[in-house]
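The values are calculated or read from the model by the stated rules, or taken from the named source; none is laboratory data. Fair warning: this is a prediction, and the values are worked out from it, not measured in the lab. Positions of Cβ are generated from backbone atoms using ideal geometry, with glycine treated the same way; all protein chains shown enter the neighbour counts. Heads up: the accessible areas ignore ligands, DNA and RNA and are worked out on the full protein's heavy atoms, side chains in. Shrake-Rupley method; radii C 1.70, N 1.55, O 1.52, S 1.80 Å.
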Amino acid sequence: SASPVWPPTGIALAALVVLGYRLWPAIFFGVFLVNLTTAGNLATSFGIAAGNTLEAVCGAWLIVRFAGGTRAFDRAQDVFKFTLAVMASAIISAILGVTSLALGGFADWANYGAIWITWWLGNVTGGLMFAPLIILWFVAPSRRWNRAEALEVILLGLLLLALGEIVFGGWFPISAKNYPIVFICGAIVIWTAFRFTQRETATGIFILSALAIWGTRHNFGPFVMETENQSLLIMQSSTAGLIIT
């Protein structure tokens with residue numbers, strides 16, 4: 001039930017920010033059914049669903065109230081407010097979720113802290129990665145690229161895929177030997193940010209993050225640690241820093 005990679009947080013946040021709070025029952029029943037059919041029992045599934053729903057509602061309210069709602073990415077100060085809203089609301093889900101599992105006997109109280117960190121960071125990164133991506137594609141006006149810009153976007157995409165495969169794909173010895181070269185991908189993201197809009201930048205980071213998750217799970221790249229959970233937590237921390245930047 002605790003995953004360092006958790007996209008539903010961002011999907012739920014974006015849904016409530018864009019479409020309104022009336023969608024909260026869909027989030028609740030979705031989380032409830034997923035947990036009921038995979039792990040835990042009726043009580044733990046209810047507790048986890050309540051935590052995830054409250055997280056989404058509180059996070060969306062904070063974003064709309066203090067960060068400008070769907071315009072949260074227009075100003076730097078609102079980006080930081082958006083980040084704080086995601087981090088604060090994720091605390092609710094982590095507390096209710098891990099406590100429900102511990103009370104139900106599905107998690108050892110001795111491991112409460114480690115499970116809580118995994119839960120919280122997974123939700124935070126999921127919120128930071130997927131909510132901006134969905135919001136920007138949903139509300140941002142369509143941009144007509146001229147031929148030169150279209151070629152530049154294609155070039156950026158190919159370079160990002162190529163560098164992602166070099167770092168995380170396992171095709172080359174440097175990724176198989178886990179050399180710390182992830183910084184080479186940052187130049188492409190910076191290029192995208194200066195030349196295009198937040199929407200294209202968020203899309204590029206999403207592609208890079210997907211490659212990083214796949215590679216890390218297969219023991220390729222610079223984030224490989226002793227266990228898969230440690231590897232993904234370190235990778236997600238790095239991704240969160242890149243997203244905020």
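A few comments on the model shown:
Let's see how each residue does on (1) closer than 14 Å to SER93 by Cα; (2) in contact with a Lys or Arg (Cβ under 7 Å, 6 or more places away or on another chain); (3) buried (at least 19 other Cβ atoms within 10 Å of the Cβ); (4) among the basic types (Lys, Arg):
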position	(1), (2), (3), (4)
THR9	yes, no, yes, no
ALA15	no, no, yes, no
TYR21	no, no, no, no
TRP24	no, no, no, no
ASN41	no, no, no, no
PHE46	yes, no, no, no
ASN52	yes, no, yes, no
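- Screening VAL182 on (1) touching a helix residue (DSSP H, G or I) at 6+ places or on another chain (Cβ under 6 Å); (2) modelled with pLDDT of 90 or more shows it passes everything except condition (2).
- Positions within the range 177-216 being under 20 Å from the mean Cα position of the chain (by Cα), over 20 Å from PRO4 (Cα atoms), surrounded by fewer than 16 Cβ atoms within 10 Å (Cβ to Cβ) and not hydroxyl-bearing (Ser, Thr, Tyr), in sequence order: PHE183, GLY186, ILE190
- Within the range 79-114, the set of residues being open to solvent by 40 Å² or more (accessible area, probe 1.4 Å), within 22 Å of the chain's Cα centre (by Cα) and hydrophobic (A, V, I, L, M, F, W, C) comprises PHE80, LEU84, MET87, ALA88, ILE91, ILE92, ILE95, LEU96, ALA114.
- Of all residues in the range 54-77, those satisfying the criterion of being over 18 Å from TRP6 (Cα atoms) and open to solvent by less than 10 Å² (accessible area, probe 1.4 Å) are ILE63, ALA67, GLY69, ALA72.
- First in the range 66-81 and on the phi > 0 side of the Ramachandran plot, second anywhere and open to solvent by less than 100 Å² (accessible area, probe 1.4 Å) and among the basic types (Lys, Arg), Cβ under 9 Å, 6 or more apart: GLY68/LYS81
- Residue in the range 115-136 that is open to solvent by 40 Å² or more (accessible area, probe 1.4 Å) and polar (S, T, N, Q) present: no
- Filter pass, PHE32 being among the hydrophobic types (A, V, I, L, M, F, W, C) and free of Cβ contacts under 8 Å to residues at least 40 places away in the same chain: yes
- Taking first residues from the range 36-47 that are under 14 Å from ALA107 (Cα atoms) and partners that are open to solvent by less than 70 Å² (accessible area, probe 1.4 Å) and aromatic (Phe, Trp, Tyr), the Cβ contacts under 7 Å between residues at least 6 apart in sequence or on separate chains come to SER45/PHE32.
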